[in-house]
Amino acid sequence: MKLKAMSLVTAAALCCSLVAGSMAVMADEGGAAEPKNGDKYVIGYTYYYSSEFITLMNEGIEEKCDELGLDLIALDAENDASNQITQVENLIAQDVDCLYIAAVDSDAIVPSLDMAKEANIPVVYVNMTVNTDEDYYYSGPDDVLAGELEMQSAIDAIGGEGNICVLEGPIGQSAQIDRWTGNENVLNSDAGANINLLTHQTANWSREEAETMTENWLEGFADEGIDAIVAHNDEMALGAIMAIEAKGLVPGEDIIVTGVDAIEDGCNAVKDGKLLSTVYQDAKLEGGQGIEICYGILTGNPPAEYINLIDMTQYTKDNVDELLTTLYAD
């Protein structure tokens, strides 16, 4: 298996089914590693930055650690790739039993593989893939599918023809690469034959940046007109909605907006008719699944595959109450 951030689906199809000999398994074959610091395994976790999605993912991580009797050290890299590498160094110095990483940048995090190998510490990645040919364990979303679902729903909503803009995640992050690949898959199919892609630019997952960018688009493309905005996450979709409303337009009517993640604000916007659709990425499941992989490696029972993807489900006004009355119920 050779996984690169830019080709998750292809890599997943090629991944090996047997992993007993992987560099990530630091226990004797068929046996468990002894905890290094007392009676409990310690997971050293660094994530890219705090957001509503990461808060949910961290809840899943904490719950799974409690369930499995693991200690957790969690560090916020504050969206700084060099800071994250320093955090990895610090976690290794603390002699954690397993590293768990949600990468700031898919390229910048590559050295962590060698760092972990040198320290004889297994490493598992979550949510963001790593741009490397080496084998590694991963828990994350099917981002190509997410990109396909949101683009297709936008095209369907505007009747198969019109002008579309895309708000991308940080350039080079695996989610941006794969969601854009999914967008392009649909745009390059028969469904996109009559679609004019006006622009695609990053707003760095930020609601504020997306609002400013959409304001600029509404001015810059005033003659052409924007029929739909496809956003790589709900935060940016919500920023686009704010800009559309500030312009005196009606989101969901004058301009269609789609997103990904199904955060609570996004789901409420779907219910209100402002956001056409969002693709549910179960953050708690994703985070917890990665901890299960860490635990399996440490106890001599690694997963059968390196790449472990969670299901992605699209929510619209017709079914969004399923999330609002369960996941986000008060």
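The values are calculated or read from the model by the stated rules, or taken from the named source; none is laboratory data. Just so it is clear, the model here is predicted, and its values are computed rather than measured. No Cβ is skipped: glycine too gets one built from the backbone with ideal geometry, and neighbour counts run over all protein chains shown.
Assess whether VAL257 counts as being out of contact with any Asp or Glu (no Cβ under 8 Å at 6 or more places or on another chain) and either assigned to a strand (DSSP E or B) or closer than 21 Å to ASN58 by Cα (or both). Here the answer is yes, as VAL257 does meet what is asked.
Does region 267-282 contain at least one residue that is among the aliphatic types (A, V, I, L, M), in contact (Cβ under 8 Å) with a residue 40 or more places away in the chain and either within 15 Å of MET128 (Cα to Cα) or surrounded by fewer than 24 Cβ atoms within 10 Å (Cβ to Cβ) (or both)?
no
Only one of the numbered conditions (1) over 17 Å from the mean Cα position of the chain (by Cα); (2) within 20 Å of PRO170 (Cα to Cα); (3) assigned to a helix (DSSP H, G or I) is not met by THR132, and that is (3). Exactly one residue out of VAL130, VAL123 is touching a Leu at 6+ places or on another chain (Cβ under 8 Å) and either of a type in the set (Gly, Ala, Ser) or modelled with pLDDT under 95 (or both): that is VAL130. Against the conditions (1) over 17 Å from ILE158 (Cα atoms); (2) touching a Leu at 6+ places or on another chain (Cβ under 8 Å), GLY288 satisfies every one except (2). Looking across region 211-238 at every residue that is free of Cβ contacts under 8 Å to residues at least 40 places away in the same chain and either touching a strand residue (DSSP E or B) at 6+ places or on another chain (Cβ under 9 Å) or part of a strand (DSSP E or B) (or both), the one that is farthest from ILE263 (Cα to Cα) is identified as GLY220. Restricting GLU118, GLU161 to those that are among the charged types (D, E, K, R), in the same structural domain as ILE85 (by TED's automatic domain parsing), modelled with pLDDT of 95 or more and surrounded by fewer than 19 Cβ atoms within 10 Å (Cβ to Cβ) reduces the list to GLU118.
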